[in-house]
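In what follows, a single structure is set out as structure tokens and then discussed.
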Amino acid sequence: MKIMDFLNKKGISVNLKSKDKDGVIKELVDLIVKTGKIRPKDKDALVKIICDRESLGSTGIGQGIGIPHGKSQAVKELTGACAISKDGVNFDSLDGEPVHIFFLLLAPHQSAGPHLKALARISRLLKDKYFRDMLKNAPTEKALINIIGKEDQKRH
């Protein structure tokens with residue numbers, strides 16, 4: 001599985017505005033609404049699902065990475081968003097560091113396989129500090145897509 005298999009080009013931002021966890025989650029869900037993969041009327045319910053998941057334990061996995069995720073009947077297929085916060089956000093990360101790189105994953109209730117494969121794929125690629133730095137410093141959404149696409153091709 002490649003990241004670009006579930007990441008829609010419209011669901012990408014290199015300029016997250018939010019300064020707190022709830023704001024980031026809302027902004028990430030907004031990106032997925034823009035892709036057309038979820039209906040605007042389902043947005044609030046999805047934000048709640050992701051915030052409830054966060055209350056079980058932060059998806060800020062350390063090294064400036066956050067991978068909030070959730071499952072909902074409002075989602076027909078695995079879909080994701082990616083956003084960069086230049087300043088970093090307190091996301092209750094495991095290492096206490098601010099999070100700069102966010103990948104949001106939404107999956108249908110009945111799909112465990114693709115959801116877990118996507119989480120594993122993102123985690124594996126983001127272990128590479130050079131790749132993380134390139135994502136963090138991407139000047140435009142187009143550059144971010146190119147960086148992810150190239151990494152997808154290199155490590156499949």
Once you place label points 7 Å from the Cα toward the Cβ at Arg39 and Tyr130, how far apart are they in nm?
4.7
DSSP-loop trypsin sites (Lys or Arg not before Pro) across segment 24-77, with at most 13 other Cβ within 10 angstrom
Lys76
Taking amide H atoms as placed 1.01 Å from N in the peptide plane, list the residues 5 or more away in sequence, or in a different chain, whose amide H sits under 5 Å from that of Ser72.
Ala107, His109
Taking the Cβ of Gln110 as the center, what net charge do the other residues with Cβ under 12 Å away carry, scoring Lys and Arg +1 and Asp and Glu -1?
+1
For the pair Lys17 and Arg53, the simple spin-label estimate (label points 7 Å beyond Cα toward Cβ) gives in nm 2.5
Ordered by residue, what ³J(HN,Hα) values in Hz, to whole numbers, does segment 105-111 give under the Karplus form 6.51 cos²θ - 1.76 cosθ + 1.60, where θ = phi - 60° and Gly and Pro are x?
10, 10, 9, x, 3, 7, 10
Just name one of Gly23, Tyr130, Pro98: the one whose Cα is farthest towards the positive end of the charge dipole of the chain (beta-carbon charges, Lys/Arg +1, Asp/Glu -1).
Tyr130
Just to be sure I understand: of the beta bridges DSSP finds with both ends in segment 1-147, what percent are antiparallel, rounded to 5?
55
Classify segment 3-154 as rounded, prolate or oblate, taking a ≥ b ≥ c as the square roots of the eigenvalues of its Cα gyration tensor: rounded when a/c is under 1.5, otherwise prolate if a/b is larger than b/c and oblate if not.
rounded
Label model pair Lys2, Gln110: point-to-point distance (7 angstrom along the Cα→beta-carbon line) in nm is 2.8
Working out 0.36 nm times the residue gap between Lys9 and Ala120, then minus their Cα-Cα distance, what length gain in nm do you get to one decimal?
37.9 nm
Enumerate the lysines that Lys43 could reach by cross-link, defined here as Cα to Cα under 17 Å, with residues fewer than 8 away along the same chain left out.
Lys10, Lys21, Lys26, Lys34, Lys71, Lys76
About the Cα centre, charge dipole magnitude for the chain (Lys/Arg +1, Asp/Glu -1 at Cβ), debye:
560
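We did not get these values from a lab; they are worked out from the coordinates using the rules stated. Small disclaimer: the values here were computed from a predicted structure and weren't measured. FYI the Cβ positions are ideal-geometry reconstructions off the backbone, even for glycines, and counts take in every protein chain you see.
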